[in-house]
1. All but one of (1) exposed (fewer than 12 other Cβ atoms within 10 Å of the Cβ); (2) part of a loop (DSSP other than H, G, I, E, B); (3) modelled with pLDDT of 85 or more hold for residue 39; state the number of the condition that does not hold.
2. Anything in segment 1-23 that is surrounded by 10 or more Cβ atoms within 10 Å (Cβ to Cβ) and not in a loop (DSSP other than H, G, I, E, B)? List them, or say none.
Amino acid sequence: MVTDTDYVNEEATKKVKEAGIPVVDDNRSGLMHNKFINNR
(Lines give C-alpha, C1' and ligand atoms only; values in the text may rest on other atoms or scores of the structure.)
Protein backbone atom coordinates (compact mmCIF):
# COMPACT_ATOMS: atom_id res chain seq x y z
CA MET A 1 0.00 0.00 0.00
CA VAL A 2 1.21 3.52 -0.78
CA THR A 3 0.10 6.29 1.56
CA ASP A 4 0.84 9.92 2.26
CA THR A 5 3.68 10.45 4.71
CA ASP A 6 1.20 12.27 6.96
CA TYR A 7 -0.76 9.04 7.49
CA VAL A 8 2.03 6.48 7.82
CA ASN A 9 1.74 6.44 11.64
CA GLU A 10 -2.06 6.40 11.82
CA GLU A 11 -3.76 3.53 13.64
CA ALA A 12 -5.40 2.18 10.46
CA THR A 13 -2.06 2.15 8.64
CA LYS A 14 -0.43 0.35 11.56
CA LYS A 15 -3.14 -2.33 11.41
CA VAL A 16 -2.49 -2.82 7.70
CA LYS A 17 1.22 -3.30 8.45
CA GLU A 18 0.44 -5.72 11.29
CA ALA A 19 -1.64 -7.77 8.83
CA GLY A 20 1.55 -8.28 6.82
CA ILE A 21 0.72 -5.85 4.03
CA PRO A 22 3.74 -3.80 2.93
CA VAL A 23 3.20 -0.06 3.37
CA VAL A 24 5.36 2.68 1.86
CA ASP A 25 4.89 6.40 2.17
CA ASP A 26 5.32 8.97 -0.59
CA ASN A 27 8.07 10.78 1.36
CA ARG A 28 6.83 14.28 0.51
CA SER A 29 4.86 17.06 2.16
CA GLY A 30 2.00 17.55 -0.34
CA LEU A 31 -1.06 15.33 -0.35
CA MET A 32 -1.46 12.91 -3.22
CA HIS A 33 -4.84 11.98 -4.63
CA ASN A 34 -3.88 8.64 -6.20
CA LYS A 35 -4.69 5.41 -4.41
CA PHE A 36 -2.95 2.20 -5.47
CA ILE A 37 -3.24 -1.37 -4.27
CA ASN A 38 -1.74 -4.49 -5.81
CA ASN A 39 -3.94 -7.56 -5.44
CA ARG A 40 -1.59 -10.43 -6.20
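The values are calculated or read from the model by the stated rules, or taken from the named source; none is laboratory data. What you see is a predicted model, and the numbers here were worked out from it, not measured in a lab. Methodologically, a virtual Cβ is constructed for each residue, glycine included, from the backbone with ideal geometry; neighbour enumeration extends over all protein chains shown.
1. Looking at each condition in turn, residue 39 falls short on (3).
2. Those that are surrounded by 10 or more Cβ atoms within 10 Å (Cβ to Cβ) and not in a loop (DSSP other than H, G, I, E, B): 2, 3, 5, 6, 7, 13, 14, 15, 16, 17.
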